[in-house]
Ligand code: UT7
């Protein structure tokens, strides 16, 4: 039995917020945002669009590429920190929109590492149990709904978007796309990147709204340093486990949080710039969607050849981080 990535998809909303637009909202400049982050613009969903709507659009594209009907799916997962609501889970809302009747649905929250965590979970289920043959793995975020638009330290960073992968296991498939993975977490750093209110620890109240506690809080510099070290060490570990040399990696797709982080990670792994995929200038940080959006762009541009080894790496709130080596 083999397991493969049958299809990919992505969706970003039409509306674009440029750095020039942000200059009118907070005390910032295009120059600061561009040099410190690499971001030029981000896409924002309309008020009546929820994360499941973005996920649904990406899912349709991935299913279409895979040639798989929604009713054939055994599993839908949505990695997100911006679910439509407390419950039902976003995956179930996507299931409803797709009319995918017979599948198991759950959300997975591992912040910006969510898609990597989901790939590992879905792959493990497909590997372990023949009940699961066709899985839709989604990373989707409406981060604009949890951004504090008065905080220049964070509001310039994030955007909305979704990405989807269709995984399939079958006796007819040869080999396994998943070569090796290293996932990690350290809850001791829960304070440096979080959305404090709205859960059981701090339920919503007038005070939490007044104090913008339903928004992303981040200690940027500390997160930056930890991100580089954690992603480099996870990548080194998966390369070592799998016996793959950095020069044999066709593409590295790092989570799109900051172009300086992306460059630092690639440099320390000795992966040349021409093999680093980045689109942060167009979308900003879309958290659990970012790696999937990159993968879909590479795939649809015909830049992934059969057999290519691709290194995915992510870092986010939790803290959570990891790396996965996949074969196209
Ligand atoms: O996706 C999850 C993981 N997230 C990350 O990995 C993000 C990691 N962190 C970062 O990408 C960077 O730390 C930031 C882009 C968030 C910030 O860049 P930085 O180079 O670390 O800047 P800083 O926070 O040290 O701030 C430098 C200065 C400060 O002013 P003073 O104190 O030196 O006068 C800030 O107040 O830049 C100021 N600043 C801004 N100025 C203009 C902060 N935000 C802005 C802004 N526009 N938007």
ask   = In the stretch 67-76, is there at least one residue being within 17 Å of the chain's Cα centre (by Cα), more than 16 Å from the ligand (Cβ to nearest atom) and either free of Cβ contacts under 8 Å to residues at least 24 places away in the same chain or not in a loop (DSSP other than H, G, I, E, B) (or both)?
value = yes
message = Can you confirm whether residue 57 is modelled with pLDDT of 95 or more, more than 16 Å from the ligand (Cβ to nearest atom) and more than 30 Å from residue 132 (Cα to Cα)?
response = no
ask   = Of (1) within 16 Å of the ligand (Cβ to nearest atom); (2) within 19 Å of residue 119 (Cα to Cα), residue 260 satisfies all except one. Which?
value = (2)
message = Among the residues in the stretch 197-215, are any in a helix (DSSP H, G or I), surrounded by fewer than 18 Cβ atoms within 10 Å (Cβ to Cβ), within 16 Å of the ligand (Cβ to nearest atom) and more than 19 Å from the chain's Cα centre (by Cα)?
response = no
key: Answer from 180, 163, 184 - the residue that is over 25 Å from residue 94 (Cβ atoms), in a strand (DSSP E or B), within 16 Å of the ligand (Cβ to nearest atom) and at pLDDT 95 or above   = 184
remark   = Note: among 91, 135, 45, just one is under 19 Å from the mean Cα position of the chain (by Cα), at negative phi and part of a loop (DSSP other than H, G, I, E, B), namely 45
inquiry  = For the stretch 219-255: of the residues being out of contact with any strand residue (DSSP E or B) (no Cβ under 8 Å at 6 or more places or on another chain) and under 23 Å from residue 282 (Cβ atoms), which is farthest from the ligand (Cβ to nearest atom)?
reply    = 228
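The values are calculated or read from the model by the stated rules, or taken from the named source; none is laboratory data. In this text the structure is predicted, and so the values were computed from the model without any measurement. Heads up, the Cβs are rebuilt from the backbone with ideal geometry, glycines too, and the neighbour counts pull from every protein chain shown.
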